[in-house]
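A.B. asks: One structure follows; several queries about it will come next.
The values are calculated or read from the model by the stated rules, or taken from the named source; none is laboratory data. Bear in mind the structure is a predicted one, so any value in this text is a computation, not a measurement. For neighbour counting, all protein chains shown are included, and Cβ atoms are generated from backbone atoms with ideal geometry for every residue, glycine included. We work out accessible area using only protein heavy atoms, side chains counted, and drop any ligands, DNA or RNA first. Shrake-Rupley method; radii C 1.70, N 1.55, O 1.52, S 1.80 Å.
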Amino acid sequence: MNYKEILEYIHSIPKFNRVLGNALLEKLLNKMGNPQDNLKFIHIGGTNGKGSTCTMVSQILTEAGYKTGLFTSPFLKFFNERIKINGVPISNSDLADIASYVKKITEKYDAFVSEFAFDTAVAFEYFNRQNCDFVILEVGLGGKLDATNIIKNPLVVGFTAIGLDHCQYLGNTIDEISKEKAGIIKKNSDVVLYPIQESKVFDNIRLICQEKNSNLIIPELPTLPEPYKNSFEYKGTRYDLTLNGRFQTYNAVTAIEIINSLLNQGYAISSDCITNGLKHANIEGRFEFIAPNIIVDGAHNPQAINSFLKSLKSLNKKIHFLVAFMSDKDYESIINLISDYAISEKSKITATEINMPRCLDSGTIKNIFMKNNIVSDINSNPISAFNEVVKTLHKDELLCVIGSLFLAGEIKKYYEEKNS
């Protein structure tokens, strides 16, 4: 199968398998010769900041001269973004070749798995064929039952900020969700936990680490300059970031402690590699300026939106929000947070929607804003909505595209193609 055909096949696979757990994935990987058993993993879970933290760790290891695989989800513009080595996405030909191989094994041995599990198997095979020194592995959903949790003994387990999201699958409380995410903790491992969490998260992770005889590492809080300008100090060393947003400093200290765990295990990584890795690490769609007056961000749950708005406020700019939300997210809480910001900062809002079944219609968004005494514009076509806002954007205003990674990706892709 060629690249186009294999992508169509991948996206035709059901997102969730009817059989709970990883028994079918285990069967598939076993028939593939268990490529994951030849790899060294840094396994990173959480709710918000996983992609950024994974990217930071990957960039540091790349700077140190290691061949570093990176598996993340979802993609922003192109599927290949999800599977990278040293920051370079898998080629169309390699993806077609390896995914076709995995497809044949799947069909031959009746080991049909979910779309994400299939993608995970493709990534393992690619990284193994390429003889990667390390693989940074981002949890897809939850932890205990996630496809990535098929691995046996990660070098380090990391957790970013844990909050409420995917409640229909993981539970309705922080207690339930943090226990589910903690399912990736293995015996006798180093576990690095993002330093700002609800108390129940700290309690649950600490207890499970004790049960598994694992070493829990909680980073110190970084020192931030005021006004914040993408730099921070940690344990006496100054670091600069390309990634925007104050919240990225907490992802960064989590990444630093993950690297410190590898140092303690005997891997060679210089302090310059850490400094340069954090400085050069970049991920699209996270508080990203695609133009001097346009920000796109994929934040799509209350915790992420709240962090985004705190960083946004420090810019001291008038804001025009272009928003869309998925109907299976806690969109009412998100809209309430944006409403509070809009009222206090006199922001403008335009509601739109993405052409996909899960997306909340823009009329519903407008009605919820109206309940909060905010009059929003409405345009169901995101590209048309974007162009209309840009056309009327004042020179002292910022346009913020927010609420869904799908919206961020669509606008970013359109803007780049238009200006290429």
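A.B. asks: Given the DSSP H assignment, sum -39500 (n - 2.57) over each helix run of at least 4 residues in the chain and divide by its residue total; what's the result at 222 nm in deg cm²/dmol, nearest 500?
C.D. replies: Numbers: 15 runs with 180 residues, N = 420.
Calculated at 222 nm, the ellipticity per residue is -13500 deg cm²/dmol.
A.B. asks: Just check region 312-420 against the gyration tensor rule for me: Cα atoms, a ≥ b ≥ c as the square roots of the eigenvalues, rounded for a/c under 1.5, and otherwise prolate or oblate depending on whether a/b exceeds b/c. Show your work: numbers first, answer last.
C.D. replies: Numbers: a/c = 1.67, a/b = 1.05, b/c = 1.59.
Since a/c reaches 1.5 but b/c is at least a/b, the shape of region 312-420 is classed as oblate.
A.B. asks: Using amide H atoms built 1.01 Å from N in the peptide plane, name the residues 5+ places from Ile217, or on other chains, whose amide H lies under 5 Å from its own.
C.D. replies: Counting only residues 5 or more places away or on other chains, the set is Val191, Val192, Leu193.
A.B. asks: Okay, next question. Region 337-420: which trypsin sites (Lys or Arg not before Pro) are DSSP loop and have at most 10 other beta-carbon atoms within 10 angstrom? Before the final figure, lay out the partial values.
C.D. replies: On the way: sites: Lys346, Lys348, Arg358, Lys366, Lys371, Lys391, Lys395, Lys412, Lys413, Lys418; in loops: Lys346, Arg358, Lys395.
Loop-located and lightly packed - Lys346, Lys395.
A.B. asks: May I ask you to derive the FRET efficiency for Glu388 and Phe78 from their Cβ-Cβ distance with R0 = 22 Å, giving the value to the nearest 0.05? Before the final figure, lay out the partial values.
C.D. replies: Numbers: r = 27 Å, r/R0 = 1.22.
After rounding, the FRET efficiency stands at 0.25.
A.B. asks: Taking the Cα centre of each part, how many Å lie between region 403-420 and region 176-254?
C.D. replies: Between the Cα centre of region 403-420 and that of region 176-254, the gap is 31 Å.
A.B. asks: Over the chain, what is the mean sequence separation of C-alpha contacts under 8 Å (at least six apart), divided by residue count, expressed as relative contact order in percent? Walk me through the intermediate numbers first.
C.D. replies: Numbers: 808 pairs, mean separation 66.4, N = 420.
Relative contact order, the chain: 16 percent.
A.B. asks: Extending each Cα 7 Å along its Cβ direction at Asn215 and Asn230, get the distance between those two points in nm, one decimal.
C.D. replies: According to this spin-label approximation, the distance is 3.4 nm.
A.B. asks: Find the centroid of the Cα atoms in region 119-158 and in region 32-51, then give the distance between the two in whole Å.
C.D. replies: Between the Cα centres of region 119-158 and region 32-51 lies a distance of 2 Å.
A.B. asks: Also, I was wondering about something else. If you roll a 1.4 angstrom probe over the protein chains with everything in place, what fraction of the accessible area of region 159-316 belongs to carbon and sulfur, to the nearest %? Intermediate results must be reported in sequence, preceding the final value.
C.D. replies: Values: 3250 of 6950 Å².
Of all accessible area on region 159-316, carbon and sulfur atoms account for 47 percent.
A.B. asks: So, in nm, how far is label Asp175 from label Tyr267 when the simple model puts each one 7 Å beyond its Cα toward the Cβ?
C.D. replies: 3.6 nm
A.B. asks: Once a ≥ b ≥ c are taken as the square roots of the eigenvalues of the Cα gyration tensor of region 196-275, is the result rounded (a/c under 1.5), prolate (a/b larger than b/c) or oblate (a/b not larger than b/c)?
C.D. replies: Values: a/c = 2.92, a/b = 1.33, b/c = 2.19.
Oblate shape, in that a/c is at least 1.5 and b/c is the bigger or equal ratio.
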